[in-house]
Amino acid sequence: MKLESYWLDTAPPFTGAAQGPVVPRADVVVVGGGFTGLSAALALARRGASVVLLEAGRVAGEASGRNGGQCNTGLAHDYADLAARLGEDQARAFYRAYDAAVDTVERLVEKEHIDCDFHRCGKLKLAAKPEHFAKLERAYDRLRDGVDPGIELIPRARLDDEIRATGFHGGLLQRQGAQMHMGKFGVGLAEAAVRAGARVYQDAAVQNIERTAGGYRLTSARGAIDAQQVFLATGNSSLGPFGYFRRRLVSVGSFIIATAPLPAALIDGILPTRRNYVTTKNIGNYFRITPDNRLLFGGRARFALSNPKSDAKSGRILADTMVGLFPELDGTAIDYCWGGLVDMTADRLPRAGEHEGMFYSLGYSGHGVQMSVHMGQKMAEVMAGQADSNPWRGLDWPAIPGYHGKAWFLPLVGAYYKLQDKLH
């Protein structure tokens with residue numbers, strides 16, 4: 001069993017990385033080489049800007065290359081709560097932003113000819129308890145008229161047509177959902193940005209940012225560079241001059257296993273529609289089939305951060321949970337096990353805007369695959385003067401009280417969610 005990301009291990013090499021020290025100046029410096037930064041670098045370069053992207057490690061090497069491989073719309077399960085808090089119009093606009101984000105990914109895949117196994121499959125939200133299905137029914141009633149006409153409620157009597165697993169009581173199908181190979185997409189997006197004229201530097205961690213008369217000077221492991229504009233696509237980086245964001249984002253570990261390739265007949269027997277699947281528990285699971293017929297199965301198995309020892313422990317928990325749902329998989333070999341971080345905001349909505357004159361987009365709270373790509377494109381428009389392109393503009397973002405980047409409270413949160421899953 002490899003303790004590394006299946007997506008990163010099976011991705012092609014990135015051949016377009018810039019070599020040597022960074023160039024001395026650019027119109028825009030993008031900090032972070034995940035999907036957000038790569039998408040923004042591509043869009044900005046297509047607009048004619050000189051763009052330099054600084055990535056601390058390898059492109060798409062963190063959250064973008066360590067996730068569950070699902071490219072979904074969001075907010076269905078929590079739509080009623082969101083509408084009650086922000087109003088129906090705002091909730092509808094946010095829901096449609098997630099739909100538009102999946103469309104953005106598909107458009108870029110097609111336009112840039114990225115070979116990443118992208119295809120629409122739909123996302124099925126699975127009710128882990130009868131009362132969870134009742135909540136999905138209420139969401140369905142709110143969404144089917146005027147918000148998501150294609151949404152479908154799957155009662156327990158029809159669930160075997162979609163999935164043959166123990167313990168589920170129905171589901172909610174959102175047809176916009178898609179799948180792709182995260183490593184192939186990340187490298188393809190980086191190559192597209194380079195073709196458009198961006199310079200992409202790996203192993204170029206940013207150490208300092210200071211204001212200058214003409215904009216900003218960034219000091220990195222590959223040298224210093226001056227820029228008129230800066231776009232921060234760092235996620236919740238634990239390194240560098242990003243304390244403002246560390247006080248507002250909580251990184252939660254999420255863990256994933258990938259089985260050895262499975263016989264097609266076995267897959268047809270348990271997951272005949274091969275969709276994206278997500279369960280309704282707070283400490284739930286998500287899973288899908290990969291193009292080479294592996295079952296990729298993930299979740300917040302433990303409220304801990306990722307490291308080899310933690311990943312291995314979480315992998316054993318996930319394997320047991322997987323077999324509990326699919327007894328046919330008992331004894332199946334696990335080829336990969338890895339962990340990553342999900343950057344959460346307090347209300348689980350992304351944040352994008354401007355801080356100290358620098359632009360940013362981050363905090364996707366479990367929906368980063370599609371929203372990161374979308375927001376890279378949208379923030380390029382914002383930086384060109386189109387402020388209305390940002391769907392998250394106007395959301396306030398106070399610091400989390402008593403928090404400075406070290407999530408000491410995660411074990412307490414985990415215990416709380418475990419209790420909620422037992423009681424509700």
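Here is the figure for segment 363-394: residues that are among the charged types (D, E, K, R) and surrounded by 21 or more Cβ atoms within 10 Å (Cβ to Cβ) total 1. Inside segment 122-152, residues that are assigned to a helix (DSSP H, G or I) and without any contact (Cβ under 8 Å) to a residue 12 or more places away in the chain make up a count of 2. Quick check: is even one residue across segment 258-271 farther than 22 Å from Q174 by Cα, part of a strand (DSSP E or B) and β-branched (V, I, T)? Yes, because at least one residue in segment 258-271 is farther than 22 Å from Q174 by Cα, part of a strand (DSSP E or B) and β-branched (V, I, T).
So that you can scan it fast, the table gives a plain yes or no per residue for (1) out of contact with any Ser or Thr (no Cβ under 9 Å at 6 or more places or on another chain); (2) in a strand (DSSP E or B); (3) among the hydroxyl-bearing types (S, T, Y):
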{"site": "A224", "(1), (2), (3)": "yes, yes, no"}
{"site": "G240", "(1), (2), (3)": "no, no, no"}
{"site": "F245", "(1), (2), (3)": "no, no, no"}
{"site": "G253", "(1), (2), (3)": "no, yes, no"}
{"site": "V278", "(1), (2), (3)": "yes, yes, no"}
{"site": "K281", "(1), (2), (3)": "yes, no, no"}
{"site": "K313", "(1), (2), (3)": "yes, no, no"}
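Could you list all residues from segment 260-284 that are crowded, with 21+ Cβ neighbours inside 10 Å and polar (S, T, N, Q)? Passing the criteria: N276, T279, T280. Of the residues contained in segment 284-292, none is found to be of a type in the set (A, V, I, L, M) and over 20 Å from G177 (Cβ atoms). Residues considered: A11, A56, A18, A43. Of these, the only one that is more than 30 Å from H132 (Cα to Cα), touching a residue at least 24 places away in the same chain (Cβ under 8 Å), touching a Phe, Trp or Tyr at 6+ places or on another chain (Cβ under 7 Å) and aliphatic (A, V, I, L, M) is A18.
Only one of the listed residues (R294, R274) is at positive phi and of a type outside the set (D, E). That residue is R274. If you go through segment 226-239 and keep only what is farther than 20 Å from A43 by Cβ and at pLDDT 95 or above, you end up with just D226. Among the residues making up segment 67-99, those that are in contact with a Phe, Trp or Tyr (Cβ under 6 Å, 6 or more places away or on another chain) and not hydrophobic (A, V, I, L, M, F, W, C) are G68, T73, G74. Scanning segment 232-251 for residues that are surrounded by fewer than 20 Cβ atoms within 10 Å (Cβ to Cβ) and of a type in the set (A, V, I, L, M) gives a single hit, L239.
Across segment 153-174, what is the number of residues that are outside any loop (DSSP other than H, G, I, E, B) and touching a Gly at 6+ places or on another chain (Cβ under 9 Å)? Residues meeting the conditions: 9.
A residue that is surrounded by 15 or more Cβ atoms within 10 Å (Cβ to Cβ), touching a Leu at 6+ places or on another chain (Cβ under 7 Å) and touching a residue at least 40 places away in the same chain (Cβ under 8 Å) occurs somewhere in segment 114-121.
Screening F35 with (1) hydrophobic (A, V, I, L, M, F, W, C); (2) under 20 Å from Q176 (Cα atoms); (3) surrounded by fewer than 24 Cβ atoms within 10 Å (Cβ to Cβ); (4) touching a residue at least 40 places away in the same chain (Cβ under 8 Å) gives one miss only, at (3). Quick one: which residue in P327, P398, P308 is at pLDDT below 95 and surrounded by fewer than 15 Cβ atoms within 10 Å (Cβ to Cβ)? Among P327, P398, P308, only P308 is at pLDDT below 95 and surrounded by fewer than 15 Cβ atoms within 10 Å (Cβ to Cβ).
The values are calculated or read from the model by the stated rules, or taken from the named source; none is laboratory data. Remember, predicted model here, so these are calculated numbers, not experimental data. Here the Cβ is made from the backbone with ideal geometry for all residues, glycine too, and neighbour counts use every protein chain on show.
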